[in-house]
1. Kindly evaluate residue 78 against the criterion of being in a loop (DSSP other than H, G, I, E, B) and within 18 Å of the chain's Cα centre (by Cα).
2. Among the candidates 213, 162, single out the residue that is closer than 25 Å to residue 84 by Cα and buried (at least 19 other Cβ atoms within 10 Å of the Cβ).
3. In segment 156-173, what residues are away from the ligand (no atom under 13 Å from the Cβ) and of a type in the set (A, V, I, L, M, F, W, C)?
4. What's the total number of residues in segment 26-41 that are polar (S, T, N, Q) and either without any contact (Cβ under 8 Å) to a residue 40 or more places away in the chain or more than 10 Å from the ligand (Cβ to nearest atom) (or both)?
5. Can you name every residue in segment 132-173 that is part of a strand (DSSP E or B) and of a type in the set (S, T, N, Q)?
6. Among the listed residues 133, 115, 50, identify the single one that is over 21 Å from residue 181 (Cβ atoms), more than 13 Å from the chain's Cα centre (by Cα) and modelled with pLDDT under 80.
7. Give 109, 101 a once-over and let me know the one that is in contact (Cβ under 8 Å) with a residue 24 or more places away in the chain, assigned to a helix (DSSP H, G or I) and crowded, with 21+ Cβ neighbours inside 10 Å.
8. In segment 1-35, how many residues are modelled with pLDDT of 75 or more and either closer than 20 Å to residue 204 by Cα or within 19 Å of the chain's Cα centre (by Cα) (or both)?
Amino acid sequence: MSAGPESESSIVNESKAPDEKDVKAAVEGRYAAIARGQLKSCCSSTPSASDLYNIATAQGYTAAERAELPEGADLGLGCGDPTGTADLQPGQTVLDLGSGAGVDCFLAARRVGPSGFVIGVDMTDEMLAKARSNAQRGGFTNVEFREGDIENLPVESATVDRVISNCVINLAPDKARVFAEVYRVLRAGGVVTVSDIVSIGPIPPEVRRDMERWAGCTAGALEKSAYLSTVRAAGFRDVEILKEVPYEYLRTETYALASLTLRAVK
Ligand SMILES: C[S@@+](CC[C@H](N)C(=O)[O-])C[C@H]1O[C@@H](n2cnc3c(N)ncnc32)[C@H](O)[C@@H]1O
């Protein structure tokens with residue numbers, strides 16, 4: 001997420017409750033427009049130079065990692081480096097939730113090598129088309145992009161070694177369902193490493209109802225403690241925060257937002 005989540009200056013739509021279908025339509029519309037090049041970023045905030053430094057630090061990709069990506073794979077939509085912290089090994093099967101244009105899938109594909117396999121799942125057709133064309137141009141034969149909802153994964157149970165996700169789960173209306181699905185598809189001993197946006201303090205109801213802010217990774221952010229409880233409630237053990245980067249410029253009187261990278265074991 002190169003420009004960070006949406007700023008407080010966005011217009012609040014208080015007339016609508018966050019219905020699951022509205023959220024998904026708003027999210028899909030936003031990311032389809034980004035994939036088509038009609039929008040430059042997921043968010044409309046204006047961070048300062050030091051804010052941008054924090055966002056880049058949260059992202060965490062090295063120059064060498066960026067150099068190995070097909071052009072157009074990194075649209076600057078992430079908020080951490082779940083792949084770099086996932087301890088990927090040759091031969092593993094990796095699943096990326098909300099794969100976008102494929103950035104983390106391609107990084108993972110190099111690490112698991114030809115004996116491993118990477119599956120990216122995304123619900124937005126335009127993003128899937130972009131990711132598939134990037135895979136073809138980059139010559140990736142160990143990556144497959146599947147259309148699907150991360151609340152109902154198109155993946156067999158107990159077939160995956162590592163699940164990664166970069167700035168996506170905050171966009172899903174039912175986070176408990178997402179983590180239940182992650183638990184289902186992982187093999188015993190499998191690990192999930194997620195970078196996501198969380199809130200520190202409660203997000204007001206009028207912000208929660210704003211579909212533009214859902215799509216901009218603000219309104220759907222869970223409070224940090226609720227996020228960790230949701231992961232544990234799905235059955236995961238050894239839940240550990242690997243990195244936390246506050247987005248100070250988005251602090252309001254009642255809440256702040258932060259990028260969190262966490263790891264948990266099935
Ligand atoms: C902020 S972008 C992040 C993309 C990618 N992970 C990256 O770092 O570049 C969010 C992506 O998640 C997808 N997405 C959002 N909600 C989803 C859901 N419920 N199921 C599947 N994909 C979803 C969007 O279509 C979009 O491609």
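1. In short, yes.
2. None of the others qualify; the one that does is 162.
3. Listed by number, the residues that qualify are 158, 160.
4. 1
5. Answer for segment 132-173, where residues must be part of a strand (DSSP E or B) and of a type in the set (S, T, N, Q): 152, 165, 166.
6. 50
7. Only one candidate passes the filter, namely 109.
8. Result for segment 1-35: 16.
The values are calculated or read from the model by the stated rules, or taken from the named source; none is laboratory data. None of these values were measured; they are calculated from a predicted model. Please note: Cβ atoms are built from the backbone with ideal geometry, for glycine as well, and neighbour counts cover all protein chains shown.
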